Structures are given as C-alpha cells and as structure tokens.
Amino acid sequence: MSFKKNAVFTLVGAALAAAAFAASAQTVRIANQGDALSMDPHSLNESLQLSVTGNVYEGLVGRNKDLSLAPALATAWRQTSPTVWRFELRKGVTFHDGTPFTADDVLFSFARTQAEGSDMKSYTNDFKEVRKVDDFTVDIETKTPFPILPEVLSLAYIMSKKWCETNQALRPVDRRKGIENAASFRANGTGPYRLRERQPNVRTTFSRNGNYWGKIEGNVQDVVYTPIGNDPTRVAALLSGEIDVMEPVPVQDVARVNASAGARAVTGPELRTIFLGMDQKRDELLYSSVKGKNPFKDKRVRQAVYQAIDIEGIKRTVMRGASNPTALMVGPGINGFSAEAKRLPFDPEASKKLLTEAGYPTGFEVTMNCPNDRYVNDGQICEAVAANLSRIGVKINLAAETKGTYFPKILRRDTSFYLLGWTPGTYDAHNALNALMACVDDKGAGQFNLGAYCNPKVDQLTKAIQSETDKTKRAAMIKEAFDAHSAEVGHIPLHQQALAWGVSKKVDLVQLADNFMFFKWMTVKK
C-alpha cells in the first residue's frame, strides 16, 4: 500500500511541478478528480468531457451565464415550418488551423454524431435531413415537430470536415472498444481556447485563441489541467497554491477550504441526478447468483431494492448534508421537474416481504458497477447502498473502478446493476426521457438506458412531448411519463449532488449549475 501511495504522490508531484514551471500571471492551473477520456467531442456524452472540450469546440447554439441560449456558430434561428428549423451561420469564423467554418462542417458534424462509435446519437436521432441552403445557411428537418431543437444543439459540437478527412477521424472513437484516433489526442475547433498538449491522465494544456471570433471576457492566457484522483492530495495542492481551481471539494473539506488564507469553496446546487439502473432485458443476469432467470425483471424485486436504501442516511453520513434526495430522474432547475413527486418510503421490512413474494426469501447475490472518481463520493454511495441491501439478504459484490474503465464497460451494457449520474443537456425533461428511459433503438433513443427498461406508453409520451408546443399539455404529459416510469420502478433515483469548487482567492470565475467550467469567464486578479 505504501508503494502505491508514494507512486500517486510522485506522479501528481511531477505534473504539478510541470504546471508550476509553465505558470505565469495569467495561467490558471485546474485539477479534477478525473480526466476527460478523449478530446473527441462526439466520443463520450459525459459532462466532464463535454465541459473540457467545450472550451475548444462550439455548437451552433451556446449558453449564457444564466444557462439561457446564446448565439454561437449560428447567429440566428427560426422555424420555417413545424418540422424545419433554419440556422443562419456566423461568417468570418475560422478553425484553429485557419480553415474557414462553413455549412459543410455543420452537415459533416451532425452526420458524425450518428456514426458508429458516437455517444451523441440521442442529440440528433430525430433529424430527418440536414440541408445546406448556402455556405452560411442550414435547414434542419426533423421527423416530427421539435420546438426545443435549439436547446438540444448546444452540446452537438462542430468539427472541421477538412481536418477530420485529413486526419482519418471521420468517425468518433468507440470508447466501449478502447479504440483511439487522431481526434482522441488532438483538436481543431473554433472555440476560445486551443488544445496545446495532451497527456492523458497526466496533464492537458490549453492556450488562448488569438483569432477567436467572439469576446473572451477573462484574461487567462494558458490553462493547465491536471487530474488528481486522491482527495487529500487535491485539497492540499489547492491550499498550498500549487493549483488555482479544483473540483470537487470533498464535502468534509468545504469548511476547511473556506477557513484557509488563500482559497474559498464556491458551492451551489447541481442539475445532475444520481441514480441506480438494473438490467431488465436479459433472461439471466450476467453477474448474479440467480441462474435461469433475471430477478430485476420483477417489479417487486426492483421495489425491494429501492425501499431498502436509506437515502436520508446517505445524505447525512456520506454526503454530509450536501445532497437533495429525489423521487424523479430530473431535479430542480430542469423543465418538467415536480416537487410534488415523493420517494417510496425507506422500509427494509417491506423489502423483505417483497423479495419473499418474488421467490427470493433469502435474497440473492449480484455485482454492482460503480465509478470511484466521477461523482461526489460515488464509491462511498455504492458502499452505503451495498450495506443497506445486505440487511435484506441481497449481497452486493461491489466493482468500483476509475471512470476510464467504468464507462466503457457499462456503455457496452456489460453490467447487471450500476450507478450513473445525468444532467439533461437541454435542461428539459425530454432529454432524460429520450436518453435514459426510452426503449432502446439503433437511432439513439435510450442510448443511456443501460438496463433496457422499456414501456411503450412512456415511449409514446416521450415522442409526443418532443413535438408538443402547448406548455400546459406538455407539462401534463411529462408528469404522466414520469409517473408511469416511477410506478414500474424503472430506475432508482437517489439524489441531486451539490457543487463544490475550490478556487484561489486570486481567481474569479463563473460556476454553472450544469458543472461546466468555461475558461473564457476566468480572470486572474492582479
């Protein structure tokens, strides 16, 4: 154990030393508990990766500091018919290599999001056709009316068609298969920062784009991004001044950071919901003591697991109060959230009865997959869930691992029981319904419904919600869909976690509720 600990400190020390060497008055050194797994903006639909690459790449539509829509690579958009949106593209924009941005790049990028290996299919799966009107005008025709289309496009980043052709990066890398290509390690966007150097899991550096089309409000010239998985090491680096920004601050260290001379904890609610998913498709679970059948296909078993989890205990002991237990797969701040929804009560005795009724009076054994460096106290949450379930006879074999191996595993559905977090990129319930709860198809619906929950009624409502323009009717349909999903215990929602960034008192920045961190809004004080 001592050797591993020393190895961690040696690796982190070397990275921080390099960061310190590169530091200048307008350099910001950022540390996170994990790394972006790739620089390819279409390879993984994960908020950390999209946040990092969102400093280099841009969508047609962006976000303001209050998360409202902002023009980005498109200056204006409007519906020309119920199923057609027209986007006027920004003129005079160049990619980092000097190649002009045109409609050809938009058509190429949206097609790339639907290619094999893409993790962004759910953003464009309802496109019928993308048409080039001229070099700076694009029409997007959808299969049905799609009133929230602009919100969907904020995370569908645009790549250079020419650069991808030259570098054999026509398709995204498939993280499930461990495949890499040029776009994994290099980047060529239109954003305010350029990728300068990429050393996966060690250090990634960025420099300000002097030819950026827009205004960069902050004064940061260079950014050094270092993953530091060890919580105490990450906190110590902030307090010693070796790094300027870090996230997350462990909940137990927020007061300590605030009491320090040179740093502060910037906290706030996050839009992400943490939940559990179960394989409800296979006739026999891949990793269970039960042979010949799948206990998670039985609603009584799913409900037993739900009611055995002491969510208030997790909030109190694991999250130190920094979580909001939830009954829904979306939280406050997401259009469609209802505070009236209530969790099933914590009731281990009821869980035992349900298991007995389902034919498992002594419980069963199952493996649970969990990341230990992605969400706030994710490993500890899974440990607490395992302890809760042991009291009703369900033995959990906990497989906790770094997100670099965890995500490829669960995304290829090599799991029976898993923990995941989700922030709807559109800030609308339709995103969660389409990505997490829709029946899985080959067009991107249910792309992150990793347990293959399927209810035709929820599917029908999800499609109707997408095209409904009457807000009252739409809200009623969202509630009906969530009620149907909850009644079947399609997933087990846990909580929304809180944001906690550690920030040097020499740095000003903007914290967004979706946990995206934009370099263009950072300023190093003189």
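Residues that are in a strand (DSSP E or B) and of a type in the set (D, E, K, R) were ranked within the range 223-270; the one that is most open to solvent (accessible area, probe 1.4 Å) is R264.
Within the range 392-422, restricting attention to residues that are touching a helix residue (DSSP H, G or I) at 6+ places or on another chain (Cβ under 8 Å), hydrophobic (A, V, I, L, M, F, W, C) and assigned to a strand (DSSP E or B), the residue that is nearest to P227 (Cα to Cα) is A400. Note on the range 327-344: residues that are buried (at least 21 other Cβ atoms within 10 Å of the Cβ) and within 18 Å of the chain's Cα centre (by Cα) total 5.
Any residue that is in contact (Cβ under 8 Å) with a residue 60 or more places away in the chain and touching a Lys or Arg at 6+ places or on another chain (Cβ under 7 Å) - is there at least one of those in the range 162-171? No, the conditions are met nowhere in the range 162-171.
Among the residues of the range 123-174, none is identified as among the small types (G, A, S) and loosely packed, with under 15 Cβ neighbours inside 10 Å. Of the numbered criteria (1) surrounded by 15 or more Cβ atoms within 10 Å (Cβ to Cβ); (2) under 25 Å from F448 (Cβ atoms), the one D283 fails is (1). When the residues of the range 489-512 are filtered to those that are in a loop (DSSP other than H, G, I, E, B) and farther than 20 Å from I274 by Cβ, the one that is most open to solvent (accessible area, probe 1.4 Å) is K506.
Residues are listed down the side, and each one gets a yes or a no for (1) part of a strand (DSSP E or B); (2) touching a residue at least 12 places away in the same chain (Cβ under 8 Å); (3) open to solvent by less than 20 Å² (accessible area, probe 1.4 Å); (4) small (G, A, S):
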{"site": "L50", "(1), (2), (3), (4)": "no, yes, yes, no"}
{"site": "V56", "(1), (2), (3), (4)": "no, yes, yes, no"}
{"site": "D66", "(1), (2), (3), (4)": "no, no, no, no"}
{"site": "A70", "(1), (2), (3), (4)": "yes, no, yes, yes"}
{"site": "W77", "(1), (2), (3), (4)": "yes, yes, no, no"}
{"site": "V106", "(1), (2), (3), (4)": "no, yes, yes, no"}
{"site": "D119", "(1), (2), (3), (4)": "no, yes, yes, no"}
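For the range 303-325, does any single residue satisfy the condition of being in contact with a Leu (Cβ under 9 Å, 6 or more places away or on another chain), free of Cβ contacts under 8 Å to residues at least 60 places away in the same chain and among the charged types (D, E, K, R)? Checking the range 303-325: not a single residue is in contact with a Leu (Cβ under 9 Å, 6 or more places away or on another chain), free of Cβ contacts under 8 Å to residues at least 60 places away in the same chain and among the charged types (D, E, K, R). Can you confirm whether N45 is in a loop (DSSP other than H, G, I, E, B), in contact with an Asp or Glu (Cβ under 9 Å, 6 or more places away or on another chain) and not hydrophobic (A, V, I, L, M, F, W, C)? Spelling it out, N45 is indeed in a loop (DSSP other than H, G, I, E, B), in contact with an Asp or Glu (Cβ under 9 Å, 6 or more places away or on another chain) and not hydrophobic (A, V, I, L, M, F, W, C). Filtering H96, H42 for residues that are over 20 Å from the mean Cα position of the chain (by Cα) and in contact (Cβ under 8 Å) with a residue 12 or more places away in the chain leaves a single hit, H96.
Considering the range 190-215, the residues that are under 15 Å from V28 (Cα atoms) and hydrophobic (A, V, I, L, M, F, W, C) include one that is surrounded by the most Cβ atoms within 10 Å (Cβ to Cβ), namely F206. For residues that are open to solvent by 20 Å² or more (accessible area, probe 1.4 Å) and modelled with pLDDT of 90 or more, tally how many sit in the range 462-473. Residues flagged as open to solvent by 20 Å² or more (accessible area, probe 1.4 Å) and modelled with pLDDT of 90 or more within the range 462-473 amount to 8. Residues of the range 135-168 that are within 27 Å of A429 (Cβ to Cβ) and assigned to a helix (DSSP H, G or I): L149, P150, E151, V152, L153, S154, L155.
The combined condition, being in contact with an Asp or Glu (Cβ under 7 Å, 6 or more places away or on another chain) and crowded, with 20+ Cβ neighbours inside 10 Å, is not fulfilled by L89. Criterion applied to L389, L344 was being touching a residue at least 12 places away in the same chain (Cβ under 8 Å), out of contact with any Pro (no Cβ under 9 Å at 6 or more places or on another chain) and part of a loop (DSSP other than H, G, I, E, B), and the one residue passing it is L344. Of all residues in the range 44-75, which are among the acidic types (D, E) and farther than 19 Å from N32 by Cβ? If the condition is that a residue be among the acidic types (D, E) and farther than 19 Å from N32 by Cβ, then E58, D66 are the ones that fit. In the range 358-374, the qualifying residues are those that are within 14 Å of I410 (Cβ to Cβ) and part of a loop (DSSP other than H, G, I, E, B), and the one that is most open to solvent (accessible area, probe 1.4 Å) is N372. Quick check, is T426 without any contact (Cβ under 8 Å) to a residue 24 or more places away in the chain, among the polar types (S, T, N, Q) and either assigned to a loop (DSSP other than H, G, I, E, B) or surrounded by fewer than 23 Cβ atoms within 10 Å (Cβ to Cβ) (or both)? When the stated conditions are applied, T426 does not pass them.
Identify all residues within the range 513-523 that are among the hydrophobic types (A, V, I, L, M, F, W, C), more than 14 Å from V224 (Cα to Cα) and either modelled with pLDDT of 95 or more or open to solvent by 40 Å² or more (accessible area, probe 1.4 Å) (or both); write none if there are none. Answer for the range 513-523, where residues must be among the hydrophobic types (A, V, I, L, M, F, W, C), more than 14 Å from V224 (Cα to Cα) and either modelled with pLDDT of 95 or more or open to solvent by 40 Å² or more (accessible area, probe 1.4 Å) (or both): F516, W521.
The values are calculated or read from the model by the stated rules, or taken from the named source; none is laboratory data. Everything numeric in this text was worked out from a predicted model, so none of it was measured. Cβ sites come from the backbone with ideal geometry, for glycine too, and all protein chains shown count toward neighbours. With ligands, DNA and RNA removed, areas are computed over all heavy atoms of the protein, side chains included. Shrake-Rupley method; radii C 1.70, N 1.55, O 1.52, S 1.80 Å.
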